[in-house]
């Protein structure tokens, strides 16, 4: 009888370990799929065409205003300098001109790097760094990367995380005190 009892104990332990491992795998693989929804930008946009074919740089569209604040995503007013009428042959450009520029309606771009309201991020203070140190290098991208929105918070999965900022501050001798980045 003692042999059966020992076998039962090991079988229970094995079932526990297998159950635990399956739970970890399901949590690692399945849960993120439930937490994030995958979205496309409202207009297909090629950075490659604008950089390689048109010779634009990042700061041609994303720049500092005179007051030092950051422009962020360009407005239709900026884009309509070249796109007041359809100049190319892509359906995306035709859609942009017809649905947004001609109707004077801003494109509801999905912002990959939108920060929470309690985060103070002055781009001006980070001006010496290359954009690609914090942002994906999309200059050669023919289309925008997928956007993954957290269903609970509404923020992008691609938004920079606090640990990334803290690491960079530590590497560059900048304070990581809360008040440096948070209002």
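At-a-glance table
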quantity: Cα gyration tensor shape for region 52-121, rounded if a/c is under 1.5, else prolate or oblate; calculated: prolate
quantity: The chain: angle of helix 2-35 to the longest principal axis, Cα-based, in degrees nearest 10; calculated: 10 degrees
quantity: Sum of -39500 (n - 2.57) over DSSP H runs of 4+, divided by residues of the chain (222 nm, nearest 500); calculated: -10500 deg cm²/dmol
quantity: Fully extended contour minus Cα-Cα distance, from residue 141 to residue 106, at 0.36 nm per residue; calculated: 10.3 nm
quantity: Shape call, region 8-97: gyration tensor on alpha carbons, a/c limit 1.5; calculated: prolate
quantity: Region 97-162 - Debye-derived log10 I(q)/I(0), Cα point model, q = 0.14 Å⁻¹; calculated: -0.61
quantity: Crossing angle, helix 162-171 versus the chain [Cα axis fit, 0-90 degrees, rounded to tens]; calculated: 80 degrees
quantity: Relative contact order (percent, whole number), the chain, Cα cutoff 8 Å, 6+ residue spacing; calculated: 30 percent
quantity: In nm, spacing of pseudo-spin labels at residue 164 and residue 86 (7 Å Cα→C-beta vector); calculated: 3.6 nm
quantity: Diffusion coefficient, µm² s⁻¹, Stokes-Einstein with Kirkwood Rh over alpha-carbon pairs of the chain at 4 °C and 1.567 mPa s; calculated: 63 µm²/s
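Readers should treat all values here as calculations from the given coordinates under stated rules, not as data from a laboratory. Values in this document were obtained by computation on a predicted structure and should not be read as measured data. Please note: Cβ atoms are built from the backbone with ideal geometry, for glycine as well, and neighbour counts cover all protein chains shown.
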